[in-house]
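*Asks:* Dumping the structure here so I can ask a few things about it.
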Amino acid sequence: MASAQDSYVSQQKSENTFPLNSVTLFLDLEDHEGVHLVAEDLQTDFKKVTGNEPEISSEEISGDYPVIIGTIGKSKLIDELISRAKLDVSQIEGKWENFLIDVVESPSPGVEKALVIAGSDKRGTIFGMYDLSEKMGVSPWHWWADVPVEKAEELYINPGSYTSGTPKVKYRGIFINDEEPGLGNWAREKFGGINSQMYEQVFKLILRLKGNYLWPAMWGKAFNEDDPKNPVLADKYGIVMGTSHHEPMVRAQKEWGTHREDYGNGEWDYQTNAEGLRDFWRDGFERNQDYENLVTIGMRGDGDEPMTEGTAIELLETIVADQRQIIEEVTGKPARETPQVWALYKEVQDYYDQGMRVPDDVTLLLADDNWGNIRKLPNPEDEPREGGYGIYYHFDYVGGPRNYKWLNTTQIERVWEQMNLAYQYDATELWVVNVGDLKPMEFPISFFLDFAWDPESIDAGGLEEYATDWVEKQFGSEYASKISEILNKYTKYNSRRKPEMLSPETYSLINYNEAENVVKDYNQLVEKAEGINKKLPDEYKDAYFQLVLFPVKASANLNELYVATAKNRLYAEQGRAIANSYTEKVKELYKKDSELTEEYHNIADRKWNHMMSQTHIGYTYWQQPEEQVMPEVSTIEVAEKPEMGIAMEGSKESWPASNKEARLPEFNSLADQKYYVEVFNKGKGDFNFKVKKKDKWIKVSEEKGSVSDQKKLHVSIDWDKASKGKKTGSFSIKQGRNSVEIEVPIHNISSENIKGFVESNNYISMEAANYSKKGNDEQGWTLVPNLGKTGSTMTSFTETPTHGVFSEDNPYLKYDFHNFSTGEMKIEFLLSPTLDFHNTGGLRFAFSIDDAEPKIINVHQDTHDDWETSVGNNITRVISEINLEEKGNHTLKVWALDSGIALQKIIIRKGDVRESYLGPPESKAAE
């Protein structure tokens with residue numbers, strides 16, 4: 001029996017294929033109402049694809065091409081096929097959310113064959129129908145992102161039986177949160193509120209993505225009270241409802257004292273108002289007891305705050321016991337028969353760490369730190385829990401160090417790396433992710449739910465293929481690889497620093513061309529995205545704008561806005577006349593941001609009006625600004641006559657105003673760098689300049705010219721004319737009587753016998769993925785492509801949970817390098833900000849230089865960054881000391897000890913290196 005993950009639908013007819021272009025859908029009237037509701041969607045999807053709308057029938061099976069749909073034990077049509085040995089359901093019967101798709105011969109008298117979609121339970125049947133829709137070409141994002149449906153003249157089911165298997169994670173869902181102003185205003189305009197009409201679309205999306213669980217919007221919202229149809233409709237569709245981490249017993253926090261006068265009398269305080277709270281919880285649980293819920297238990301303070309100062313373990317244990325007593329009294333059954341979850345979120349995890357326990361049947365919902373780094377995972381040595389463990393994860397967050405709500409900043413590679421750890425440590429009962437407004441998180445939502453269904457089907461090496469396959473489902477195959485590359489790169493760039501945390505100071509203007517390269521990289525993505533947009537058929541353009549073009553253009557524009565602001569401020573300090581031009585450029589870019597938002601709101605006949613109205617410019621602390629605020633810019637007085645100024649790479653100084661020496665960074669013959677010198681005008685009009693070189697081996701891109709605002713000269717070295725070793729030359733730039741002399745230090749290296757990455761400007765920088773050798777266990781270190789601020793990541797023990805001791809038999813990565821500096825040096829490891837999920841004092845790795853004794857590093861004890869710095873920069877820095885007594889070739893080994901080490905880059909340096917956000921670029925490696 002084949003897996004339903006493989007496509008069983010074809011546009012090519014072959015022997016024993018089952019045609020889909022003119023079918024009739026047969027269902028038992030007694031089957032679940034949700035099955036009938038989704039069958040109507042399947043009917044509509046058939047019409048979209050084939051042009052033919054099939055009849056839905058509950059009569060006796062007949063016709064040439066019947067499709068029989070039903071749930072085992074609920075559909076007489078299915079049960080009869082089983083009893084007559086026409087349908088073998090042994091692989092799915094009695095299992096959670098399984099479906100089977102099979103072509104059955106002679107299902108009834110006079111009928112040659114039929115296509116059967118059978119489910120082990122209600123959601124199994126629903127998943128089977130939606131799976132067929134997707135395989136026919138209807139994207140799960142057809143409604144939510146306007147993905148068009150491609151017509152098919154002929155469609156066939158390939159011979160064979162196809163089964164889904166059991167999802168590896170039992171409950172898989174999303175949390176709509178922080179929904180104002182975007183989704184809230186959109187829903188009020190389109191549906192009259194966040195009501196059952198809107199939620200019906202949410203339910204269908206979750207089911208199309210093979211999820212089954214929802215935490216509903218909760219800020220100022222009450223799912224069960226705002227629209228009483230909400231829970232009824234959720235139950236019909238088979239959506240398991242929950243409430244967020246601080247909303248116990250199926251009650252929205254907003255119901256307390258706000259929605260009805262008889263709700264929430266007194267304080268939200270169990271020490272002073274236990275009876276009022278118990279009545280509140282009992283009423284809510286009674287109201288929803290007949291629906292499928294995963295009941296949140298416990299208690300946090302009112303308004304998503306800690307319940308008390310300190311850790312009130314005894315009080316919270318009493319609260320849990322009282323809540324479970326309410327559950328037993330209302331249901332008349334033992335509490336363990338009602339699924340419950342205790343969210344160890346924020347301060348509640350401290351309760352657990354200090355010894356608080358809940359009954360074994362309760363699912364422990366572990367959480368990330370709100371920034372995508374899991375705080376705690378189960379201890380493999382503990383006895384398994386009946387209720388198991390789950391994970392609450394974030395793609396969106398309101399809180400410190402700063403909100404991030406506007407665009408997708410989540411790399412699926414990071415989701416894979418963290419949630420794979422969760423899977424390996426058996427936190428598989430529940431995965432729920434905070435998705436904010438839902439849009440524009442389409443891509444990572446798909447990945448999160450696909451990965452939750454079967455983490456074993458997507459390994460690190462398959463992430464690129466996953467992205468390409470996802471794009472192909474939305475836009476077809478012609479541009480899939482190019483579009484997926486754009487998606488992967490823009491989320492990588494956005495994850496370096498959340499857009500809300502950007503400032504003019506983020507990227508360096510003077511070192512490594514960092515700010516320039518950031519803007520250039522984004523704008524190259526825009527150019528590629530716009531090029532594809534011009535080639536796409538018109539029907540794809542609304543979807544493409546939402547999923548690709550808008551986030552790329554908006555991200556590029558915002559980054560350029562801050563870099564332009566930084567240039568304005570620096571140029572004003574240096575007295576450059578062009579500073580005033582950048583004042584205008586900042587205004588233009590700021591205006592363009594709102595124009596892009598309005599363009600988004602205008603697509604698809606303004607279907608998504610308000611959805612992108614989240615403020616994102618003008619933050620001054622963690623909370624969002626009420627209105628966008630343009631960054632401050634400077635305007636300077638410009639002299640009437642032209643006057644030369646000089647600036648150069650590596651310095652904020654300008655000459656001849658500065659008294660400091662004008663000196664470029666060192667040139668290295670292996671790296672063969674180019675550095676820039678900028679000749680700028682401090683006044684009006686034009687001036688001429690000339691370059692005078694003292695050394696013939698210095699090359700300047702222009703040796704004379706005219707400047708009206710500024711001109712960038714590129715300096716390089718003719719290494720054939722330069723003597724070996726280190727020396728300093730110079731050249732001067734003149735304008736009339738003004739002259740600036742610039743020193744040019746070089747290191748012309750004899751490259752014989754040099755191995756590995758070569759030191760330049762007192763540092764050696766190595767991307768972790770560019771190791772020279774893997775040692776011992778090949779599985780000990782895994783490459784996660786694209787994960788990282790500048791390259792890819794090597795992460796330890798992705799398949800076997802390990803918290804081990806050091807041994808030279810441990811897996812290691814080897815890096816060859818060549819140094820010129822000697823003595824005491826620093827070695828800096830840049831890692832993803834993984835947390836100490838073992839809660840045993842920190843995750844560890846070891847390193848050694850040559851044959852020296854390995855040194856064990858504890859990431860969480862030896863880091864130089866606090867948590868806010870780490871998550872804001874999306875990197876954790878660990879700095880240690882080494883002593884290199886001799887120049888020459890050396891070997892660094894990095895040994896794996898614990899699971900979860902995610903190494904991005906290694907820097908060996910003598911003293912400090914030039915400041916930058918992304919760190920010095922990778923050193924040149926000798927060939």
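Readers should treat all values here as calculations from the given coordinates under stated rules, not as data from a laboratory. If you're wondering where the values come from, they're calculated on a predicted model, not measured in any experiment. Heads up, the Cβs are rebuilt from the backbone with ideal geometry, glycines too, and the neighbour counts pull from every protein chain shown.
*Asks:* So between SER83 and GLU314, what do we pick up on full extension, going 0.36 nm a residue minus the alpha carbon distance? Write down the numbers at each step before the final one.
*Replies:* Working: separation 231, 0.36 × 231 = 83.16 nm, distance 5.54 nm.
Extra length available between SER83 and GLU314 comes to 77.6 nm.
*Asks:* Further, regarding this structure: Mind sorting SER457, SER161 by how few other Cβ atoms lie within 10 Å of their own Cβ, fewest first?
*Replies:* Fewest to most other Cβ atoms nearby, the residues stand as SER457, SER161.
*Asks:* In degrees from 0 to 90, rounded to the nearest 10, what is the angle of the helix 196-208 Cα long axis to the longest principal axis of the chain?
*Replies:* Taking the Cα atoms of the chain, the angle to 196-208 is about 80 degrees.
*Asks:* Within segment 171-458, what percent of beta bridges assigned by DSSP are antiparallel, to the nearest 5?
*Replies:* Taking every DSSP beta bridge within segment 171-458, about 10 percent pair in antiparallel fashion.
*Asks:* Among the GluC sites (Glu not before Pro) in segment 640-707, which ones are in a DSSP loop with at most 10 other Cβ atoms within 10 Å of the Cβ? Mind listing them?
*Replies:* Filter output for segment 640-707: GLU640.
*Asks:* Pop out the Kirkwood hydrodynamic radius of segment 753-810 from its pairwise C-alpha distances, inverse of mean 1/r, in Å to one decimal.
*Replies:* Roughly 13.7 Å, rounded to one decimal.
*Asks:* Just name one of GLY788, ILE879, GLY919: the one whose Cα is farthest towards the positive end of the charge dipole of the chain (beta-carbon charges, Lys/Arg +1, Asp/Glu -1).
*Replies:* Checking the options against the dipole of the chain, the answer is GLY919.
*Asks:* Tell me, Kirkwood radius of segment 171-458 from alpha-carbon pair distances, in Å?
*Replies:* Result for segment 171-458 stands at 19.2 Å.
*Asks:* Mind listing which GluC sites (Glu not before Pro) in segment 438-499 are in a DSSP loop and have 15 or fewer other Cβ atoms within 10 Å?
*Replies:* GLU478
*Asks:* Could you line up ARG737, ARG172 from fewest to most neighbouring Cβ atoms inside 10 Å?
*Replies:* Going from sparsest to densest Cβ surroundings: ARG737, ARG172.
*Asks:* Let me ask another. So how much slack lies between TYR291 and HIS36, counting 0.36 nm per residue of separation and subtracting their Cα-Cα distance, in nm? Don't skip to the answer; put the middle values down first.
*Replies:* Numbers: separation 255, 0.36 × 255 = 91.80 nm, distance 1.82 nm.
Additional length available on full extension: 90.0 nm.
*Asks:* Right, next: Take the Cβ-Cβ distance between SER634 and ASN659 as r, set R0 to 30 Å, and report the resulting FRET efficiency rounded to the nearest 0.05.
*Replies:* E(calc), rounded to 0.05, equals 0.80.
*Asks:* Taking 0.36 nm per residue of sequence separation and subtracting the Cα-Cα distance, how much length would be gained by fully extending the chain between SER57 and GLU472, in nm to one decimal?
*Replies:* Using 0.36 nm per residue and subtracting the Cα-Cα distance, I get 146.0 nm.
*Asks:* For helix 412-424, what angle does its Cα long axis make with the longest principal axis of the chain, in degrees from 0 to 90 and rounded to 10?
*Replies:* For 412-424 against the chain, the angle is about 50 degrees.
*Asks:* Largest first, please: the extent of the C-alpha atoms of segment 862-927 along each principal axis, to the nearest Å.
*Replies:* 39, 32, 25
*Asks:* Please compute P(r) over all alpha-carbon pairs of segment 644-748, binned at 10 Å starting from zero, and give each bin as a whole-number percent.
*Replies:* 15, 50, 28, 7, 0
*Asks:* Remind me, what semi-axes does segment 1-159 give for its equivalent ellipsoid, largest first in whole Å, using sqrt of 5 times each Cα gyration tensor eigenvalue?
*Replies:* 22, 18, 15
*Asks:* With r defined as the distance between the Cβ atoms of LYS726 and ASP521 and R0 fixed at 45 Å, what FRET efficiency is calculated, to the nearest 0.05?
*Replies:* 0.85
*Asks:* Binned at 5 Å from 0, what are the whole-percent values of the Cα-Cα distance distribution for segment 103-228, short to long?
*Replies:* 2, 8, 15, 17, 16, 14, 11, 7, 5, 3, 1, 0
*Asks:* Pick out, from TRP186, TYR771, GLN623, the residue whose Cα sits farthest towards the positive end of the charge dipole of the chain, with +1 on the Cβ of Lys and Arg and -1 on the Cβ of Asp and Glu.
*Replies:* Going by the Cα projections, it comes out as TYR771.
*Asks:* Shifting gears a bit: Is the chain best put as rounded, prolate or oblate by its Cα gyration tensor, with a ≥ b ≥ c the root eigenvalues, rounded for a/c under 1.5, and otherwise prolate when a/b is larger than b/c, oblate when not?
*Replies:* Note, shape of the chain comes out prolate.
*Asks:* Okay, next question. Could you list GLU413, GLU381, GLU881 in order of exposure, starting from the residue whose Cβ has the fewest other Cβ atoms within 10 Å? It would help to have the intermediate numbers written out before the result.
*Replies:* Details: GLU413 26, GLU381 6, GLU881 9.
Neighbour counts put them in this order, fewest first: GLU381, GLU881, GLU413.
*Asks:* Can you give me the long-range amide H partners of ALA343? Hydrogens built in the peptide plane at 1.01 Å from N, cutoff under 5 Å, separation of 5 or more residues or another chain.
*Replies:* Hits under the 5 Å cutoff: ILE297, LEU365.
*Asks:* Could you pull out every residue, at least 5 positions away or on a different chain, whose amide H is within less than 5 Å of the one on ARG172? Hs are placed 1.01 Å off N in the peptide plane, and Pro or chain starts have none.
*Replies:* Under 5 Å from the amide H of ARG172 lie the amide H atoms of ASN212, TYR213, TRP431, each far enough along the sequence or on another chain.
*Asks:* Please determine, in degrees from 0 to 90 and to the nearest 10, the orientation of helix 313-331 with respect to the longest principal axis defined by the Cα atoms of the chain, where the helix direction is its Cα long axis.
*Replies:* 30 degrees
*Asks:* Sticking with this one: Along each of its three principal axes, how wide is the spread of alpha-carbon positions in segment 341-461, in whole angstrom units, largest first?
*Replies:* Between the extreme Cα coordinates on each principal axis of segment 341-461 lie 39, 34, 19 Å.
*Asks:* Sticking with this structure for a sec: List, in order, the whole-Hz ³J(HN,Hα) value for each residue of segment 805-813 obtained from phi through the Karplus relation with A = 6.51, B = -1.76, C = 1.60 and θ = phi - 60°; use x for Gly and Pro.
*Replies:* Taking θ as phi minus 60°, the curve returns 9, 6, 8, 5, 8, 5, x, 9, 10 Hz for segment 805-813.
*Asks:* How many nm separate the modelled label positions at SER3 and THR331, each set 7 Å beyond the Cα in the direction of the Cβ?
*Replies:* 3.4 nm
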